[in-house]
Amino acid sequence: MPKGGAMARTMKPISEWTVWDPVTGRSNVPIRPRMMTIHTAVTNSPDIYGPGLGPGRTHSHFYNPKSGKMRQHQEINRKAFADGDGNNYCVSVEHWDGYPNGAPGYWKHGSDVPPLTDSQIENDARLFAHLVKHFNLPNRIATPNNLTGLGWHRLGIKGNWRPYNPADLKTWTGNQSGVKFSNAFGKACPGDRRIDQIREIYARAQEYLTPTKPAPKPKPTPKEEKDFLMALTDNEQRELLRLARTGKDDDVKIKTAIQRLEAEVAEIKAELTDIDANTVGGKVWRTNAAMGRAEKARLEAEAAEPEEGTND
């Protein structure tokens, strides 16, 4: 996961996180995507085609650089040439891996290939979610007996691999699937540590596919409580707060003071209903009565407060 914890992931148009960089001479043969295939490109370049084809006219749908946006070299629903027998249903993604440009050969061992960068993982997760949502790609991790969903090149490469282990994706290979994605026996692509990151890619993709639930709205203050507090002056409300903070030992006295205040407010409301509020006399009575009773309630609440230095 990215440093600092999980991040909010929002699906955005593909044009916002890819660069359209079509290769010349690419195929127009339509395909129905069923698997996204993770590759390693054995290069230190930010762009592996630009805009020509690879050796033997090979090319992938996407190139995922060390950092930054993916480069898209072929339409998703058109055939690319990076997965051998899987070209008719695979969406291929090549990846930067830091291999020295101009150096002979390839990575000799799967353990030699460095892990994907965080940017590469994020790009892959975003692309997989895009394929699931817009191209009906199965939302799953591919297996040797079901090459659909999120896969990797070794699923179609035969070699002297370690014995098959259902819990270890690195041992899921062309030896079990019987499919040939490459003629190179024991090819390291995409690398052991990158295969170990498949589950992380898949988990991040689910965050794009599952919208974040909005935070629940706060519950409104009960009407009775709101009316009671509105009937008190600012000083009286502060007095209640002060009493509430004196500790558990004063709970009984606090409750008694609150009950008295409630009774006083109820009595004032009852008497006000008997007076015509539109008359001058009524307004004067209302003001004097409210002030007098509020002051009385405040004094009683103050009397209920325990003396300093006691726990009564």
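Read-outs: derived from the displayed coordinates by stated rules, not from any lab. Note that the structure is predicted; figures quoted are calculated from it, not measured. We place every Cβ from the backbone using ideal geometry, glycine too, and count neighbours over all the protein chains shown.
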field: Sequence ranges 187-198, 141-152, ranked by mean other-Cβ count within 10 angstrom, highest first
entry: 187-198, 141-152
task: Can you tell me the order of 127-133, 14-20 when each peptide is scored by its average per-residue count of other Cβ atoms within 10 angstrom, highest first?
output: 127-133, 14-20
Environment charge at G186 (Cβ cut-off 11 Å; Lys +1, Arg +1, Asp -1, Glu -1): +4
- prompt: Distance in nm between label sites at N136 and N160, each 7 Å beyond Cα in the beta-carbon direction?
  reply: 4.5
- request: Using the structure shown, list the pairs from K12/K66; K12/K180; K69/K158; K108/K180; K69/K108; K69/K187 with a Cα-Cα distance above 25 Å, or answer none.
  value: K12/K180; K69/K158; K69/K108; K69/K187
- request: Mind putting a number on the dipole of segment 14-209 about its Cα centre? Charges go on the C-beta only, +1 for Lys and Arg and -1 for Asp and Glu, and I need it in Debye to the nearest 20.
  value: 500
field: Residue-by-residue Karplus 3J(HN,Hα) for segment 86-94, coefficients 6.51, -1.76, 1.60, Hz, glycine and proline x
entry: x, 4, 7, 9, 9, 9, 8, 10, 7
statement: Looks like segment 34-173, by Cα gyration tensor root eigenvalues a ≥ b ≥ c and the a/c under 1.5 rounded cutoff (else prolate when a/b is bigger than b/c, oblate otherwise), is rounded
query: Of the peptides 176-184, 21-29, how do they stack up when ordered by the mean number of other Cβ atoms within 10 Å, highest first?
result: 176-184, 21-29
Long-range HN-HN contacts of W152 with modeled amide H, under 5 Å: I38
